[in-house]
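Q: This structure is in structure tokens; I'll ask about it shortly.
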Amino acid sequence: MPKIISLISFFLLVITGFAQPDTALSKRLEEYIRLNKELKFEELMEYIHPSLFKLAPKEQLIEVFKKVYDNDEMKISIDNLEKRSISDIYALNGVQYHKVDYYLVMRMKFKDESKTLDSSFVNSMTTSLEAALPKEKVSYDAAGNQFFIKGTDVLIAIKDSPKSNWLFLGYDAGNEIIKQLLPPELIEHFNLQ
């Protein structure tokens with residue numbers, strides 16, 4: 001269970017996006033949202049900033065995503081994904097950035113529903129999810145036999161050059177690995193400590 005919780009936490013960083021006055025950014029965010037909601041991981045990789053692939057190759061990430069979101073134990077879906085705000089542009093060394101605040105609702109349903117009939121399992125799972133995702137609200141819906149994870153998080157939109165497309169990277173101040181993929185000046189500018 002801790003491995004699943006860690007993977008869910010990691011994927012919350014990766015799977016998230018939205019809209020902006022910049023038409024090119026708006027179109028890319030809309031498509032990013034659609035691909036996230038539809039869990040189209042292969043296509044989604046074309047919207048992820050390549051710095052993430054320093055941690056794992058695209059093919060490996062696609063397989064891990066598939067296994068986390070639909071495996072023998074559970075199925076996870078994204079019920080809602082919406083932009084809350086987009087910062088003004090920040091430029092550093094020729095690269096443009098926007099901070100995107102977004103709201104996400106995920107649903108996690110165990111395939112063996114007998115697990116969720118056990119209140120100690122539900123309590124343990126809720127506690128584990130809350131510990132792994134401290135900024136998120138975790139709840140259990142007994143009628144639907146499912147967990148909901150809701151919260152507002154940060155996505156960084158990145159345009160490496162004037163001719164490149166906008167790409168995205170999820171951000172979590174508690175994830176030191178992800179923090180290393182972004183310039184310290186950016187983290188300071190957007191107060192992402």
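Q: Which of the residues that make up region 82-92 are open to solvent by 50 Å² or more (accessible area, probe 1.4 Å) and touching an Asp or Glu at 6+ places or on another chain (Cβ under 9 Å)?
A: Result: 83, 84, 89.
Q: Can you confirm whether residue 172 is of a type in the set (Asp, Glu) and either without any contact (Cβ under 8 Å) to a residue 60 or more places away in the chain or within 17 Å of residue 88 (Cα to Cα) (or both)?
A: Against the criterion (of a type in the set (Asp, Glu) and either without any contact (Cβ under 8 Å) to a residue 60 or more places away in the chain or within 17 Å of residue 88 (Cα to Cα) (or both)), residue 172 does not qualify.
Q: Please enumerate the residues belonging to region 72-107 that are more than 30 Å from residue 26 (Cβ to Cβ) and touching a residue at least 60 places away in the same chain (Cβ under 8 Å).
A: If the condition is that a residue be more than 30 Å from residue 26 (Cβ to Cβ) and touching a residue at least 60 places away in the same chain (Cβ under 8 Å), then 73, 74 are the ones that fit.
Q: Of all residues in region 31-40, which are open to solvent by 10 Å² or more (accessible area, probe 1.4 Å) and part of a helix (DSSP H, G or I)?
A: The answer is 31, 33, 34, 37.
Q: Okay, next question. Among the candidates 109, 99, which residue alone is over 21 Å from residue 174 (Cβ atoms), of a type outside the set (A, V, I, L, M, F, W, C) and surrounded by 14 or more Cβ atoms within 10 Å (Cβ to Cβ)?
A: It is 109.
Q: Right, here's the next one. Can you pull out the residues in region 165-193 that are open to solvent by 90 Å² or more (accessible area, probe 1.4 Å) and closer than 16 Å to residue 56 by Cα?
A: Selection gives 176, 177, 180.
Q: Among the residues of region 123-141 satisfying the criterion of being aliphatic (A, V, I, L, M), touching a residue at least 24 places away in the same chain (Cβ under 8 Å) and farther than 26 Å from residue 184 by Cα, which is most open to solvent (accessible area, probe 1.4 Å)?
A: The residue in question is 131.
Q: Restricting region 47-66 to residues that are under 17 Å from residue 156 (Cβ atoms) and assigned to a helix (DSSP H, G or I), which is modelled with the lowest pLDDT?
A: Top of the filtered list is 54.
The values are calculated or read from the model by the stated rules, or taken from the named source; none is laboratory data. Bear in mind that the values here come from a model prediction, so they are computed numbers and not experimental data. Cβ: placed from backbone, ideal geometry, glycine included. Neighbour counts: every protein chain shown. For accessibility, only protein heavy atoms count, side chains too; no ligands or nucleic acids. Shrake-Rupley method; radii C 1.70, N 1.55, O 1.52, S 1.80 Å.
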